[in-house]
Amino acid sequence: MPMPIEIHFKDVDLDLVAETGGKVVVFVGDNGRLDAGARRVNRLTRKALARFVESEAFAKLSPGDVRPMAYPAGMAAVAVLVVKLDKRPSVQEARKAGAQLAKQLGEDDLLVLAGTLGRPDEIALGLALRAYEFDTHKTGKKSQSGSATFMVSAPEEVAKSARSNAAIAEGVFFTRDLTNEPANVLTTDDFAARLAAMQEIGLDVEILDEDALTKLCMRTLLSVGQGSDSPTKVVVMSWNGGKKGDAPFALVGKGVVFDTGGISLKQAAGMEEMTMDMGGAGVVAGVMRTLALRKAKANVVGLVGLVENMPSGSATRPGDVVKSMKGDTVEIINTDAEGRLVLADVMWYAQERFKPSGMINLATLTGAILVALGHENAGVFSNSDDLSKALIKSAEAEGEGAWRLPLAPAYDALLKSKVADMKNVGGRHAGSITAAQFLQRFVKDDVPWCHVDIAGVASTKTETAYAPAGATGWGVMALNRLIADKYEA
Ligand code: BES
Ligand code: MN
Ligand code: ZN
């Protein structure tokens, strides 16, 4: 997979600073002390750097902020980029610095004078994440990111830790590409093919077609796709890096490649955003990619339900009653509440087949979660204090917002149907919670489980700290860390 920016690490050679073109990056902490690299730049620029560092403007900068000094005298570079960062930055500060550098990058090469600065691998990760662009469908000249060369005191060691961060970045980019891709390109077939291609990096990938799903009695899943010309599929990805025989952890994703609402058709304005309704499946795929690339010592299965929700003569009608794989019947009041129908069957299948030690499902499930939490936090619903706490902690450590919301029997009661075991929508109120209650009916009591509603965070119209406008890849880093901390320790 092409990375948005090429990053190298090499030994420090300050004699190259004067003659290097492109942009030269120096780091200065709160105390204003100049390290060897910064001292060299200061000397070449006849103390311009020191004047900036002593200014009020510099004092006002936060850790990770970057300011350019254009066309410095005494240097071949087009700019010196001054980064305010202490010698021992936190992970978040280092990544922020990298992300801000990405925004200053343009088409120039960077020479990053990191020396003995802490966490250069995290600076590189922030740089890569923010340098991402989705320009697959732009013709003509594409903007070409320059490369970045980090001069560090221990290049081999840094390159090694940067490699495991590159596995994370590649997982995030995989998720973003899938989520950004339009629905005429990312059909269910195309999605499955992209997942099957991950066999090359060591994942086991199995594709269940409609015949197989019919035999498994996955009628709630199949009912969502029956109006579409694209076939419904379930893809099972397995990574067995842990102990043989240890129960796997299960990740399940909603993969609605396009959500028109079906016969309960959505309004036209903004419907194009529903290309991202496979975001949950995208996150599952990205995490599996990262786990394989970094050869995680854990057993993890990722299952995605790939389906298109279209209106047609064969589409599900409001009022139809379908039977889930579990055996419970569902009255489909609103065909636009389709994500839960997809997840119900795939989650049940995941538990029946894999007897997982725990399960997390991710889905762009409800518009109501945007009303509650906006773009800042995903909604977390869980039957386990333990698992939800661990997930939220991992998300926080990775700068990905997550907030727990309640489940309770009184909400579950809102799903009562006159003709079937349940209906697929509650009322107008607490829409994200009733959706989660619906899912919980398909979770076995002894399986620790979280449902993560990512409708607000999977894709945004404005840029975020680590992504340009569009898909964010939210959750890949949080889940990767959760697995690393809880299941590989
Ligand atoms: N895919 C949507 C939820 C969504 C909304 C995702 C906005 C991203 C941004 C989901 O399938 C849906 O349509 N949910 C309905 C549920 C309702 C019919 C109970 C909703 O939120 O309006
Ligand atoms: Mn819908
Ligand atoms: Zn949907």
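If you wrap the chain's Cα atoms in a convex hull and average its projection over all directions, what's the area in nm²?
Projected area, direction-averaged: 23.9 nm².
What ³J(HN,Hα) values, in whole Hz, does the Karplus curve 6.51 cos²θ - 1.76 cosθ + 1.60 give for segment 193-205 when θ = phi - 60°, with x put for Gly and Pro?
For segment 193-205, the Karplus-derived couplings read 5, 5, 6, 4, 5, 6, 4, 4, 9, x, 7, 7, 10 Hz, x marking Gly and Pro.
Viscosity 0.890 mPa s, temperature 25 °C: what is the translational diffusion coefficient of segment 373-487 from Stokes-Einstein with a Kirkwood Rh over Cα pairs, rounded to a whole number of µm²/s?
Diffusion coefficient, whole number: 160 µm²/s.
What list of ³J(HN,Hα) values in whole Hz, one per residue of segment 238-255 in order, does the Karplus curve 6.51 cos²θ - 1.76 cosθ + 1.60 (θ = phi - 60°) give from phi, with Gly and Pro shown as x?
So the J values, rounded to whole Hz, are 10, 10, 10, x, x, 5, 4, x, 5, 4, x, 8, 10, 10, 10, x, 7, x.
Quick one: work out the % antiparallel among DSSP beta bridges in the chain, nearest 5.
Just about 40 percent of them are antiparallel.
What does the accessible area of Ser357 come to, in Å² to the nearest 10, when a probe of 1.4 Å is used?
Surface accessible to solvent at Ser357 totals approximately 50 Å².
For the pair Arg51 and Ser384, what calculated FRET efficiency results from E = 1/(1 + (r/R0)^6), where r is the Cβ-Cβ distance and R0 = 56 Å, to the nearest 0.05?
It comes to 0.50.
Just grab the label-to-label distance for Met3 and Gln199, each label 7 Å out from Cα along the Cβ direction, in nm (one decimal).
Between Met3 and Gln199, the label points sit 2.8 nm apart.
With the other protein chains left in place, how much accessible area per residue, in square angstrom, belongs to the chain at a 1.4 angstrom probe?
42
Can you give me the C-alpha center-to-center distance between segment 411-476 and segment 138-163, rounded to a whole angstrom?
Here the two parts' Cα centres lie 37 Å apart.
Heads up, I need the accessible area for Thr275: 1.4 angstrom probe, whole protein in place, Å², nearest 10.
Using a 1.4 Å probe on the heavy atoms, I get roughly 30 Å².
For the chain, which whole percent of the accessible surface, found with a 1.4 angstrom probe, sits on carbon and sulfur atoms?
Roughly 50 percent of what the probe reaches on the chain is carbon or sulfur.
Would you mind pulling out the separation of the Cα centroids of segment 286-328 and segment 22-67, in Å?
Measuring centre to centre over Cα atoms gives 51 Å.
Would you mind calculating the gained length between Ala212 and Gln144 on full extension (0.36 nm times residue separation, minus the Cα-Cα distance), in nm to one decimal?
Contour length minus the Cα-Cα distance gives 20.0 nm.
Tell me the relative contact order for the chain as a rounded percent, counting alpha carbon contacts under 8 Å between residues six or more apart.
This gives 14 percent for the chain.
Considering the options Gly245, Thr214, Met422, tell which one lies farthest towards the positive end of the dipole of the chain, charges being +1 on Lys and Arg and -1 on Asp and Glu at the Cβ, about the Cα centre.
Farthest towards the positive end: Gly245.
Give a quick list of trypsin sites (Lys or Arg not before Pro) in segment 395-464 that DSSP marks as loop, anything other than H, G, I, E or B, with at most 16 other Cβ atoms within 10 Å.
In loop regions of segment 395-464 (DSSP not H, G, I, E or B), the sparsely surrounded trypsin sites (Lys or Arg not before Pro) are Lys416, Lys418, Arg428, Lys444, Lys461.
Note the full-extension length gain between His137 and Lys244 as 0.36 nm times their separation in residues minus their Cα-Cα distance, in nm to one decimal.
34.2 nm
The values are calculated or read from the model by the stated rules, or taken from the named source; none is laboratory data. Everything quoted here is computed from the prediction, not taken from an experiment. Because the Cβ atoms are built from the backbone with ideal geometry, glycine has one as well, and the counts that use them run over all protein chains shown. Quick note on the areas: whole protein, heavy atoms, side chains included, nothing else; ligands and nucleic acids left out. Shrake-Rupley method; radii C 1.70, N 1.55, O 1.52, S 1.80 Å.
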